[in-house]
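Accompanying notes for the structure given below.
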Amino acid sequence: MSEEPNTGLKCPKCEYTGDEPGENGDGFRLLTDQTVWREIVDPAGTAEDAKILVTAKGPADSYPEDNEKNERIECRNCLTEFPVPEHITVDYQ
């Protein structure tokens with residue numbers, strides 16, 4: 001079994017480095033936000049109502065032209081999310 005090199009990441013909360021399996025999986029994950037949508041097929045209620053219920057239909061889809069944003073790292077040990085450190089460059093492939 002070959003040992004993977006350390007990525008230089010360290011969780012600011014629990015100081016996990018990803019060298020060993022964490023409580024919730026191995027290493028770290030890159031999280032981003034992207035616009036996701038579903039069709040609204042049955043809007044019920046009016047603007048005067050206190051609450052409006054809508055029915056969303058079908059599987060979620062995303063806008064392919066929408067850039068990912070709010071990049072952050074998730075520690076797979078304690079599940080803390082933290083900003084991507086300045087010394088890390090993300091290469092989307």
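The values are calculated or read from the model by the stated rules, or taken from the named source; none is laboratory data. Because the structure is a prediction, the values reported are computed rather than measured. Note that we place each Cβ from the backbone using ideal geometry, even for glycine, and neighbour counts take in every protein chain shown.
Before moving on, here are some points about what is shown:
- Options 75, 14; residue that is in contact (Cβ under 8 Å) with a residue 40 or more places away in the chain and touching a Phe, Trp or Tyr at 6+ places or on another chain (Cβ under 9 Å): 75
- Scanning the stretch 24-48 for residues that are out of contact with any Ser or Thr (no Cβ under 8 Å at 6 or more places or on another chain) and modelled with pLDDT of 90 or more turns up 24, 25, 26, 29, 30, 31, 32, 33.
- Any hit, the stretch 64-83, residues being part of a strand (DSSP E or B) and either modelled with pLDDT under 90 or over 12 Å from the mean Cα position of the chain (by Cα) (or both): yes
- Hits in the stretch 20-44 - residues which are surrounded by 11 or more Cβ atoms within 10 Å (Cβ to Cβ), assigned to a loop (DSSP other than H, G, I, E, B), more than 16 Å from the chain's Cα centre (by Cα) and of a type outside the set (D, E, K, R): 21
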